[in-house]
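The values are calculated or read from the model by the stated rules, or taken from the named source; none is laboratory data. Just so we're clear, the structure is a prediction, and the values are computed from it rather than from any experiment. Counting neighbours? That spans all protein chains shown, and the Cβs are built from the backbone with ideal geometry, glycine included. These accessible areas exclude ligands, DNA and RNA; they are computed on the full protein's heavy atoms, side chains included. Shrake-Rupley method; radii C 1.70, N 1.55, O 1.52, S 1.80 Å.
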Amino acid sequence: MEQTIQQKVGKRIQEIRTKKNISQQDLASKCNFEKSNMSRLENGNANATLSTLEKVCNALEIDYVELFKF
């Protein structure tokens, strides 16, 4: 079964966060999100808005295009 784009983006967020040795809780805090919301985002169970993705990119210090390299 093919992954949805929100699942692919969520997986990329998780991959980048892990490579940067940032915990899910720390990333959620940097984005001013609850950890449960970050978990849903990474699992592809939340349909992120552009402003949400902007916050995540800023917190991870990455360019937006990095989220779509899958």
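Structure notes:
- Tilt relative to the chain, helix 50-60 - C-alpha long axis, 0 to 90 degrees, to 10: 60 degrees
- Å² per residue, accessible surface of the chain at 1.4 Å: 66 Å²
- Kirkwood hydrodynamic radius of the chain, Cα pairs, Å: 11.7 Å
- Straight-line cross-link reach from LYS11 at under 15 Å between alpha-carbon atoms covers these aspartates and glutamates, not counting any fewer than eight positions away in the same chain: GLU2, GLU42, GLU66.
- Here the chain exposes an accessible surface that is 46 percent carbon and sulfur, computed with a 1.4 Å probe and the other protein chains kept in place.
- When you filter the GluC sites (Glu not before Pro) in region 4-70 for DSSP loop state and at most 13 other Cβ atoms inside 10 Å of their Cβ, you are left with GLU34, GLU61.
- With Cα atoms, 0 to 90° folded angle of helix 5-19 axis to the chain main axis: 40 degrees
- Magnitude of the charge dipole for the chain, about its Cα centre and with charges confined to Cβ atoms of Lys, Arg (+1) and Asp, Glu (-1), is about 120 debye.
- In a DSSP loop and with at most 14 other Cβ atoms within 10 Å, the trypsin sites (Lys or Arg not before Pro) in region 1-59 are LYS20.
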